[in-house]
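The values are calculated or read from the model by the stated rules, or taken from the named source; none is laboratory data. Model, not experiment: these values are computed from the prediction. For neighbour counting, all protein chains shown are included, and Cβ atoms are generated from backbone atoms with ideal geometry for every residue, glycine included. Accessible surface areas use protein heavy atoms only, side chains included; no ligands, DNA or RNA. Shrake-Rupley method; radii C 1.70, N 1.55, O 1.52, S 1.80 Å.
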Amino acid sequence: MEIPYTVDPRPDTGLFNAKMGIWLFLASEVMLFGALFTTYILLRVGATEWPHHELDIPLATLNTAVLISSSITMVMAWASLMMKKFNRYKLYMGLTFLAGVAFLVIKGFEYGHHFATGELPEKTTFLAIYFTMTGLHGLHVIGGMIVNGYFWGPGSKMWKTEPERFTNRIEVAGLYWHFVDLVWIFLFPVLYLL
Amino acid sequence: MDSAHSEDIQKHVRKYVVVFVALLALTLVTVAVSYLDLSKTGAIVVALIIATVKGSLVATYFMHLISEKRMIYMSLILTAVFFAVLMGLPLFHHADPIIYK
């Protein structure tokens, strides 16, 4: 059976199905991360002491820039397909994937440093929520990279047979990726700067 | 028709670049502000305002919320309501004086 409304908008929603689907998924993600932000607030308000500027701010600032850069390359990948420039798409999607790798490598350095100095989740309330939030976010980055890597590689064959459907797939993957960027935009000040 | 469409996308691309530069600049601003000697409340308010502006830029332009279908706005309004409840409820609980007596 053919999957309905992959390209044409469904009459009642005015959207192709995957776009409605990803937004509903992102709505559930807002609640998932929202619960953790609420947890953070309660833990912090109830804590007797809270670290200030003890994490590596230059490294995290660099990582923020990396993730923001990956967001613009992602949207450029989609825009390239809209302009029917497949080679440009490959370039931008490849860069998006590499930025994901860079983000994880930098985060890995940070984690490595924490582990080496004994800053483990069990040590303080702050470290517990820090590892929970950045760990969950990191898993989201890995998930996005798997999808982006597939669409850069084997999944990109669809461009030859169903270009419009493929372009929609990239838009949906992009919406997820930008959301992951958006979560980090809040995690960065909350965990590193305040 | 096709070339007009392509020009349209070109215009979008220029906006994406402007948003990108703004996001990088705001990142530096929020880091710089965190080194100022603001009060705790002041620092939290400023950092959250900057983060909200950055997040809105991402959602509005990169996620195309500037021109979306009604159905998506409706779902997001519902999400915002539930998110507000989620953030608000524990705070009400915390502010309840009976618990701490």
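A few points about this structure:
- Between helix A:57-82 and chain A there is an angle of about 10 degrees, using the helix long axis and the longest principal axis of the Cα atoms.
- Taking both sides together, the accessible area buried where A meets B is about 4100 Å² for a 1.4 Å probe.
- Percent carbon-and-sulfur accessible area, segment A:109-173, ignoring ligands, DNA and RNA, probe 1.4 Å: 67 percent
- Solvent-accessible surface (1.4 angstrom probe) belonging to B:Val45, in square angstrom, nearest 10: 70 Å²
- Counts of other chain beta carbons within 10 angstrom of each beta carbon in peptide A:169-181 average 2.
- Close amide H contacts of A:Phe16 (hydrogens built in the peptide plane, cut-off under 5 Å, sequence separation of 5 or more or a different chain): A:Arg10.
- Using the 1.4 Å probe convention, the accessible area of segment A:69-175 works out to 44 Å² per residue with neighbouring protein chains retained.
- Within 10 Å of the Cβ of each residue in B:79-86, the mean number of Cβ atoms contributed by other protein chains is 4.
- Value of relative contact order over chain A, rounded to a whole percent, pairs C-alpha under 8 Å and six or more apart: 30 percent
- Angle between chain A longest axis and helix A:125-152 axis [Cα atoms, degrees, rounded to 10]: 20 degrees
- Pairwise label distance in nanometres, A:Phe25 with A:Thr161, each label 7 Å out on the Cα-Cβ vector: 2.1 nm
- Segment A:96-127: GluC sites (Glu not before Pro) in DSSP coil with no more than 16 other Cβ atoms inside 10 Å: A:Glu122
- From phi via Karplus (6.51, -1.76, 1.60), per-residue ³J(HN,Hα) for segment A:96-110 in Hz, x at Gly/Pro: 4, 5, 5, 5, x, 4, 4, 4, 5, 5, 4, 4, x, 4, 4
- Sites A:Val45 and A:Glu110, calculated FRET efficiency, Cβ-Cβ separation with R0 30 Å, nearest 0.05: 0.70
- Interchain or long-range residues, amide H under 5 Å from A:Leu194's placed H: none
- The candidates A:Trp78, A:Trp152, arranged from most to least accessible area with a 1.4 Å probe in the full protein assembly, appear as A:Trp152, A:Trp78.
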